[in-house]
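The values are calculated or read from the model by the stated rules, or taken from the named source; none is laboratory data. None of the values given here were measured: they were computed from a predicted structure. Don't worry about glycine lacking a Cβ; one is built from the backbone with ideal geometry, like all the others, and counts go over all protein chains shown.
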Amino acid sequence: MEPPLNAGEDLSRGLGLHPVTALLLARRGVRTVSAANDFLNPSTAAVPDPFLLPDAEQAVDRLIRAIDSGESILVHGDYDVDGVTSAALLTRVLGKLGAKVRPFVPSRARDGYGVSVAALERAAAEGVSLILTADCGITAFDACTRARELGLDVVVSDHHEPADTLPHAFAVVDPLVPGSSYPFRGLAGVGVAYKLCQALCLRRGVDLDALHRHFLDLVALGTVSDCVPLLDENRAYVYHGLRSMGTSQKEGIRALLRLSGLGESLGAEDIGFRLGPRINAAGRLAEADEALELLLTRDSARAEELAAILTERNTQRQQEQRRIQAEAIQTIFETGISEDAVLVVGREDWHPGVVGIVAGKLVEIFYRPAVVLTLRDGHWHGSARGIPGFHWARALEELGEDLVRGGGHAMAAGLSLPQERLREFRVAVNELAQQWLTPADLHPRLEVEAEVPVEQLSLQLAQEVVRLAPFGEGNPEPVLMSSRVRLDNVRCVGEGGRHLRAELRGTPGPVSVVGFCMGDAVSSLSGDRLFKICYNLRVSAYNGSGRAEIVLRDLPAVQE
């Protein structure tokens with residue numbers, strides 16, 4: 001929704017911001033000076049009361065009873081970054097509160113997705129009396145029923161969409177449960193786990209500021225990696241978590257930062273492209289226990305060893321991903337489905353830990369929802385990724401469990417279906433897409449948020465735009481446009497001249513230009529011509545001092 005015409009002007013006057021920055025805030029729904037101050041200076045003090053979450057009171061009561069009576073608690077996480085950070089967070093906090101607690105993350109190959117009956121049977125045999133799930137459990141119907149038969153209590157902590165009914169658990173803590181009065185629905189699994197930690201600390205009289213200082217690094221890791229909206233409560237957690245991560249005292253995070261070549265100043269993109277993939281690689285190609293141990297160990301030598309293992313796993317994952325991606329693209333064209341509204345491909349030898357990433361890459365290449373499957377035990381198993389306008393969790397519900405089982409979010413889901421019903425699923429999901437999507441929805445659009453006169457491009461404006469970070473889902477990095485600009489010193493840089501470098505003419509201070517993978521266009525951009533450019537505006541270090549930098553989002557268009 002477009003902001004009122006005067007919204008940006010009011011913010012510009014009230015906060016002394018450049019009109020472009022004020023307009024960007026207004027486009028994000030920030031319309032008042034007070035709201036703008038909250039957005040630009042996120043505070044953990046303003047987050048909602050954790051006891052507003054469904055069943056939070058019952059969950060905390062049961063956990064405190066287990067702590068006080070010395071019961072054995074099993075924290076059951078998941079094998080992605082969100083699930084691993086959730087399990088590590090709850091294990092660390094419960095341990096500090098005196099609990100007898102141990103963590104568990106499932107094996108993708110042995111246990112499959114979510115909470116399995118076999119895992120709970122093993123826990124019961126080992127003397128566990130309370131299961132606390134982390135980033136899973138909202139559809140664990142069979143497991144929760146079996147837990148009751150075994151005398152186990154299950155407290156579900158999750159953020160995924162529930163089905164029509166809830167599992168028969170002692171408590172179900174999920175902001176998406178029907179009837180929930182919790183004001184923010186976009187928490188990651190680690191965010192829900194953190195709210196439970198807040199509630200426990202409040203009940204025990206523990207200072208929440210200490211909780212924030214010591215554990216927001218884990219919350220930021222899981223939240224960014226799970227691609228939930230970086231707005232509202234999530235924005236506060238990631239904003240402060242990024243700052244604490246650079247000076248984290250957790251040996252695993254310190255080792256991961258060193259091996260990734262990162263320093264104390266971090267952005268959400270560092271998690272998304274460098275830290276998160278390393279943690280994810282363990283659960284994708286081997287066992288997520290390695291990632292969980294990394295986030296729990298207090299041994300610096302072991303942390304270095306585990307960080308090196310995860311880095312190698314990530315290299316292997318990248319190689320496997322490239323192979324499967326090439327084969328998936330080949331399959332799409334050979335089978336003639338490249339124009340389908342939803343791409344559905346599967347092969348027996350594709351690694352189940354990599355199909356989700358490949359599905360995401362197919363969405364980027366073809367810009368349409370994609371499903372990538374692998375065959376195991378007579379069933380296709382895999383992952384779906386989407387585009388705006390196609391809600392995967394609702395699509396799976398609409399198709400019905402007699403055809404496909406699974407769950408997830410609007411933009412991502414896990415699913416399985418019988419081997420013989422693949423074609424039926426492809427037809428059904430495409431029929432659904434025909435109802436939900438228009439032809440225009442299947443073409444990517446570069447959404448320009450504001451036009452900036454070239455004479456207003458400055459370091460000050462770049463610094464203001466950067467204050468809108470952390471950027472990510474729900475708060476994309478702004479795309480700006482400038483017309484009638486001239487480029488100076490256009491040249492190729494990087495290995496093989498892959499990238500483009502230039503400077504802008506006519507700006508109040510130096511503004512550099514970079515175009516990644518645009519080196520081939522250098523010859524066509526030289527000369528004294530006028531261009532229209534679309535770009536992200538950032539601040540980069542240059543000779544030890546900051547300067548404005550433009551990162552091109554498309555090749556400059558020649559203007560008369």
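A few remarks follow.
- Filtered residues of segment 371-385 (kept if over 15 Å from GLY406 (Cα atoms) and in contact with a Lys or Arg (Cβ under 9 Å, 6 or more places away or on another chain)): LEU375
- Among the residues of segment 488-546, the ones that are touching a residue at least 40 places away in the same chain (Cβ under 8 Å) and in a loop (DSSP other than H, G, I, E, B) come to 6 in all.
- Filter result for the condition that a residue is in contact (Cβ under 8 Å) with a residue 40 or more places away in the chain, aliphatic (A, V, I, L, M) and out of contact with any Asp or Glu (no Cβ under 8 Å at 6 or more places or on another chain), over VAL115, VAL81, VAL75, VAL101: VAL75
- Residue satisfying condition, being over 30 Å from LEU530 (Cβ atoms) and in contact with a helix residue (DSSP H, G or I) (Cβ under 8 Å, 6 or more places away or on another chain), within set LEU399, LEU422: LEU399
- When residues of segment 36-65 are limited to those that are aliphatic (A, V, I, L, M) and outside any helix (DSSP H, G or I), the one farthest from the chain's Cα centre (by Cα): LEU53
- Being closer than 20 Å to TYR367 by Cβ, touching a residue at least 12 places away in the same chain (Cβ under 8 Å) and part of a helix (DSSP H, G or I) is a condition met by no residue of segment 280-298.
- The residue that is farthest from THR85 (Cα to Cα), among those in segment 267-285 that are hydrophobic (A, V, I, L, M, F, W, C) and buried (at least 22 other Cβ atoms within 10 Å of the Cβ), is ALA268.
- Residues in segment 469-499 that are surrounded by 19 or more Cβ atoms within 10 Å (Cβ to Cβ), within 23 Å of GLY267 (Cβ to Cβ) and aliphatic (A, V, I, L, M): LEU480 only.
- Number of residues in segment 74-89 that are of a type in the set (A, V, I, L, M, F, W, C) and touching a Cys at 6+ places or on another chain (Cβ under 7 Å) equals 1.
- Residue check for GLY112: farther than 22 Å from VAL192 by Cα, outside the structural domain of VAL355 (by TED's automatic domain parsing) and surrounded by fewer than 21 Cβ atoms within 10 Å (Cβ to Cβ): yes
- Residues (within 20 Å of GLY186 (Cα to Cα) and touching a residue at least 60 places away in the same chain (Cβ under 8 Å)) located in segment 400-422: GLY407, GLY408, HIS409, MET411, ALA412, GLY414
- Search result, residues across segment 180-217 that are among the basic types (Lys, Arg), farther than 17 Å from GLY241 by Cβ and free of Cβ contacts under 8 Å to residues at least 40 places away in the same chain: ARG185
Conditions tested, residue by residue: (1) surrounded by fewer than 19 Cβ atoms within 10 Å (Cβ to Cβ); (2) at pLDDT below 95.
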site: ALA370; (1), (2): no, no
site: LEU373; (1), (2): no, no
site: ASP377; (1), (2): yes, yes
site: ARG385; (1), (2): no, no
site: PRO388; (1), (2): yes, yes
site: ALA393; (1), (2): no, yes
site: GLU397; (1), (2): yes, yes
site: GLY400; (1), (2): yes, yes
site: GLY407; (1), (2): no, yes
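- Sole residue being in a helix (DSSP H, G or I), among the hydrophobic types (A, V, I, L, M, F, W, C) and within 21 Å of TYR79 (Cβ to Cβ), chosen from VAL371, VAL363, VAL358: VAL358
- Some residue of segment 304-326 being at pLDDT 95 or above, farther than 30 Å from THR85 by Cα, surrounded by fewer than 20 Cβ atoms within 10 Å (Cβ to Cβ) and in contact with a strand residue (DSSP E or B) (Cβ under 7 Å, 6 or more places away or on another chain): no
- Boolean, GLU477 is in a loop (DSSP other than H, G, I, E, B) and of a type in the set (D, E, K, R): yes
- If you filter segment 328-360 down to residues that are over 20 Å from SER416 (Cα atoms) and of a type in the set (D, E, K, R), you find that the one that is farthest from the chain's Cα centre (by Cα) is GLU334.
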